[in-house]
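Below: one structure, written as structure tokens.
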Ligand code: ZN
């Protein structure tokens with residue numbers, strides 16, 4: 001009988017360590033695209049204190065952009081700078097067309113249990129890391145339905161790209177950035193929900209050539225988190241942590 005094929009003896013080398021500068025794809029300074037989740041008729045989650053997820057995400061995205069532009073070491077592009085609806089595929093396209101070196105989608109979470117709190121970071125995977133991650137991805141992917149996007153046109157691409165092994169290298173960089181994000185947010189005393197890094201099939205993370213993460217900044221269904229996310233101080237600390245992680249990742253410093 002034939003022996004089953006042996007496992008390859010050579011294990012692929014680990015991804016490049018994150019403590020070095022990323023080579024910008026567009027030339028010049030590295031470019032990050034910051035995506036404020038939801039917008040327009042898609043309000044996102046509704047906070048226990050009142051207020052919408054779409055306003056939290058825009059406030060944080062703008063503050064991250066302001067901090068990064070002031071420091072001037074990386075270039076910044078926002079997917080939206082006002083209250084408008086953009087389909088998930090449109091957000092990905094903005095990052096790809098700009099030849100971004102990094103894409104970060106900013107959100108705030110919700111849960112039936114009002115005690116659930118803390119931030120969490122997600123990278124793309126066809127298979128979810130846990131049930132919470134799977135339900136979350138399903139919820140975030142609904143933005144297009146709310147916005148009236150024809151999923152018959154947008155959906156097939158997701159599956160195709162997720163099975164593409166070529167995107168493994170991109171995903172390694174996404175995971176490195178997710179770890180950097182945890183470190184930088186912890187420095188700003190932002191609490192995490194259990195394990196910080198999860199993965200699931202988020203449509204907004206599907207660019208095969210742009211390392212992408214989705215950050216849930218906290219739970220709007222938890223009073224403390226909601227108050228933090230709607231306060232100037234909470235928003236500034238969150239934005240400083242995100243900005244620092246982006247700089248560290250893209251410039252190596
Ligand atoms: Zn969201």
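Computed from label points 7 Å out along Cα-Cβ, the spacing between residue 29 and residue 114 is 4.4 nm. Shown is the FRET efficiency for residue 142 and residue 168, computed with R0 = 22 Å from the Cβ-Cβ distance and rounded to the nearest 0.05: 0.20.
Rounded, prolate or oblate for the stretch 31-78? Axes are the square roots of the Cα gyration tensor eigenvalues, ordered a ≥ b ≥ c, and the cut-off for rounded is a/c under 1.5. Taking the square roots of the gyration eigenvalues as a ≥ b ≥ c, the stretch 31-78 is prolate. Of interest is the spacing of the C-alpha centroids, which for the stretch 26-79 and the stretch 123-141 amounts to 22 Å. On full extension, the segment bounded by residue 71 and residue 93 gains 5.3 nm, given 0.36 nm per residue less the C-alpha separation.
Take the Cα of residue 46, step 7 Å toward its Cβ, do the same at residue 223, and the gap between the two points is 2.0 nm.
Laboratory data are not the source of any read-out in this text; all were calculated from the coordinates shown. Treat the numbers as computed from the prediction; the structure is a model and nothing was measured. Cβ coordinates were reconstructed from backbone atoms using ideal geometry, including for glycine residues, and neighbour counts include every protein chain displayed.
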